[in-house]
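The values are calculated or read from the model by the stated rules, or taken from the named source; none is laboratory data. Predicted, not measured: the structure shown is a model, and the values here were computed from it. Every residue, glycine as well, gets a Cβ built from its backbone with ideal geometry; the counts of neighbours run over all protein chains shown.
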Amino acid sequence: MRYMQNDSNQNIKRSYLPINGTELVITMSKSLSEMMLKKMDALWKLVSAAESAAAAYQWNKNLVKESVNYVSSKDSHQNLTLTYVERFKKEVNFNTSSVHIPVEIYDGDIEILNGLNWSAALDEQFAKNYNNDSDILWQYFGSHTGFMRSFPAATWPQTPPVDLYDVRRQSWYTQGSSSPKDMMILIDKSGSTHGQSLQLMKNAVKSILDTLGENDFVNIIAFGEKPEFVSTCFNHTAFVQANFRNKKRLEKDVDLIKASGQADFSKAIQFAFEKFQEFNNATDPSLNIGANCNKVIMLLTDGGTDTAESVFEKYNWPEKSVRVFTYAVGPTPNPVHAIRWMACANRGFFSQIPAMGAIRAKVQEYIPVLSRPQVIQNKKTFEWGNIYEDYMGLGLMTTVTLPVYNRSLGSSNQTILGVMGIDVTTSKLEAMTPFDKIGPNGYSFAINPNGYVVFHPNLLPTGKSVKEPPNIDMLELEIDEDNPELADLRSKMIDSKTGNQTTKTLFLSPDQVNHFLIPLF
């Protein structure tokens, strides 16, 4: 609104200046694109530096801990000068990077030591990126062996009683290391699994679910003599999106599984393949929702002698379009030759989980296998990950990632070294909003291709790191049950359509605190 006033404060005239929403969105989009492209350019340089350093490195089988110099982010007694920097909201050191090693990994392991040696060369490019970008935040490399090197160096947050952080289990790492997948998990619930073995399987399944993100799709089948989906909520379709809520529902239903009867592997595996076929042939769009990329069967059992060869021959050979990963679970002496054969004959991998402590390390062994086609094709795609709460205290953020491949001479050229990432906070994205033009009650918001909110004034941090991305849908924050226009707007945004649309929304008073309770189920 424009005010025009004469000297005698009389005859005040007012005129309204309409806001061109389309123009504002285009301007903001360009600003966001420029900022994001700058981060992607810095990331590409880091990946190039990493692959060159790894290729030039000479493997040393005689390395010992004492001969490898690095700054441990968990060792607060090291002689390292830290200075508080507002950009990171904590004390940091720009002269070096720091390393986090998960608690269950031996820091003297020869693979860890060699990885620390060659990745130390990243510090030079880390520093260059920082000097070239005035608002770049954490830069880091997550190794497939489990260590994470991050820049600038900083101390790791205290997380009593045990620090369970593992870079390979973070959403940005799993998204960046392999393509989306449709996964069917089979759990042997026969009588022989009663007790420790079944409990290990339940925990292993939950750990597998932790490796899946919102771009993945999953369902779980329990079988004895007869296979059936564990969740009645999800038995109408082959797969459901592996978002936070669906995974929590599946976890609850997995806990209800009870052991009984005998295991019929052929019938269970055939049931899984039939569901893949129904999914592939479905004409109803509601029954054909999935990743349509990697297809995976995960079989967890305490052992058996049935190879189900005739089933694989009928449904999966010769194309072998569905990979099969098998896990022998529990300390039992049951035969495992058959399930080992299943994995090897179907482009998969076999692992043994004898005890609870082996679960986290063993279940994620499938991830490097799924990354092999990308490595062979030298295919790299920038991935902007799910929104999550920063472990180091910067609030809600997203991470742009790229895989790092093994380019060492003489290697099989099928291995992934890890994932490189650079953080961007949602507050930085939201700061691109032209608040001076939209006024105190105006706001901007963004969603990702799945309809989940990237930033929105009602998407607030909890003040603590969370295990999973919030997966809050746009329609849960723009609450209006009687407004079909919002759903239409959401669909257009997901489809990347341009244009303008008028719709109703809640008015939020700037001097009030508004709380929205969103049920998980």
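Look through region 211-243, keep the residues that are aromatic (Phe, Trp, Tyr) and buried (at least 19 other Cβ atoms within 10 Å of the Cβ), and return whichever of them is nearest to ASP182 (Cα to Cα).
So the residue we want is PHE217.
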Scanning region 166-203 for residues that are within 18 Å of the chain's Cα centre (by Cα) and assigned to a helix (DSSP H, G or I) gives VAL167, ARG168, ARG169, SER171, TRP172, TYR173, THR174, GLN175, GLY176, SER177
Of all residues in region 104-128, which are among the polar types (S, T, N, Q), within 22 Å of LEU80 (Cα to Cα) and in contact with a Leu (Cβ under 8 Å, 6 or more places away or on another chain)? ASN117, GLN125
Only one residue in THR145, THR155 is out of contact with any Ser or Thr (no Cβ under 9 Å at 6 or more places or on another chain), among the hydroxyl-bearing types (Ser, Thr, Tyr) and in contact (Cβ under 8 Å) with a residue 40 or more places away in the chain. Which one? THR145
Can you tell me which residue among GLY357, GLY330 is in contact (Cβ under 8 Å) with a residue 12 or more places away in the chain, crowded, with 21+ Cβ neighbours inside 10 Å and over 22 Å from VAL218 (Cα atoms)? GLY330
Identify the single condition in (1) in contact with an Asp or Glu (Cβ under 7 Å, 6 or more places away or on another chain); (2) in contact (Cβ under 8 Å) with a residue 24 or more places away in the chain that LEU113 does not satisfy, given that it satisfies every other one. (1)
Scan region 148-165 residue by residue and report those that are buried (at least 22 other Cβ atoms within 10 Å of the Cβ) and under 17 Å from the mean Cα position of the chain (by Cα). MET148
Members of region 109-130 found to be outside any helix (DSSP H, G or I) and farther than 16 Å from LYS65 by Cβ, listed by number: ALA121
May I ask you to say which residue of ALA263, ALA222, ALA259, ALA272 is at negative phi, in a helix (DSSP H, G or I) and at pLDDT 95 or above? ALA272
Scan region 485-497 residue by residue and report those that are surrounded by fewer than 10 Cβ atoms within 10 Å (Cβ to Cβ) and among the polar types (S, T, N, Q). SER496
